[in-house]
């Protein structure tokens, strides 16, 4: 079982839709959690950190469920420009500073 | 502020040749990483470095060599390139220190083709 798992998609949604991605992680000792966005043929960039209390940034909401060991990303009112791959990242597994990446979830927003 | 840069951005080489990919950062971040990204595999860690003169293997280190004589540079060398090393290579840094796990910052990537 991979340490960080994501549904690869693609998620194909119309503009204006709400879409949610989940990511599960295997190590309960994990310390920090992130969502990155990667556009085609570009480098990954931080979208948002994920805090225990949940956090929101505009149309994006991230949540952490430590009991069930998953994090989620909710995108409301999808835009064409949201089309990208979304990477779940978990850090601090077993005290390691080496982040563990999921393989990413592809989102395609169409008109 | 250049942040993190990689060179070359594109490279075509032949099987058996030695190739060095450069990574330079201006933040003095302690940790640096090399990843490769291939379709179907996501990002895979090749090597990482916690500080100058400290390096360690990641998930897929075979065929690669790294060094880190200075904090700001972390070159990755393919000693004898093979076709299976055709990939996009990303360098990344993070300022993580004891008890704090910060975000990573990625370079723009190097597209390497081995013929």
> Counting alpha carbon pairs within less than 8 Å and at least 6 residues apart, what relative contact order, in whole percent, applies to region B:33-109?
Replying inline: 26
> Arranged by the count of other C-beta atoms within 10 angstrom, fewest first, what order do B:94, A:18 take?
Replying inline: A:18, B:94
> Which order do B:48, A:97 fall in if you start with the one that has the fewest other Cβ atoms within 10 Å?
Replying inline: A:97, B:48
>> Output needed for chain A: three equivalent-ellipsoid semi-axes, defined as square roots of 5 times the C-alpha gyration tensor eigenvalues, in descending order, whole Å.
In response: 24, 14, 12
> Over all distinct alpha-carbon pairs, what is the Kirkwood Rh of region B:5-115 in angstrom?
Replying inline: 14.0
>> What is the distance in Å between the Cα centroid of region B:1-23 and that of region A:74-109?
In response: 26
> For B:36, B:44, what's the fewest-to-most ordering of other Cβ within 10 Å of each Cβ?
Replying inline: B:44, B:36
> Taking square-rooted eigenvalues a ≥ b ≥ c of the alpha carbon gyration tensor, is region A:1-52 rounded, prolate or oblate, where a/c under 1.5 means rounded and, failing that, a/b exceeding b/c means prolate?
Replying inline: prolate
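Read the figures in this text as sums done on the coordinates, not as results from a lab. Worth saying up front: this structure is predicted, and the values here are computed from it rather than measured. Reconstructed Cβ throughout: ideal geometry from the backbone, glycine too, with neighbour counts over all protein chains shown.
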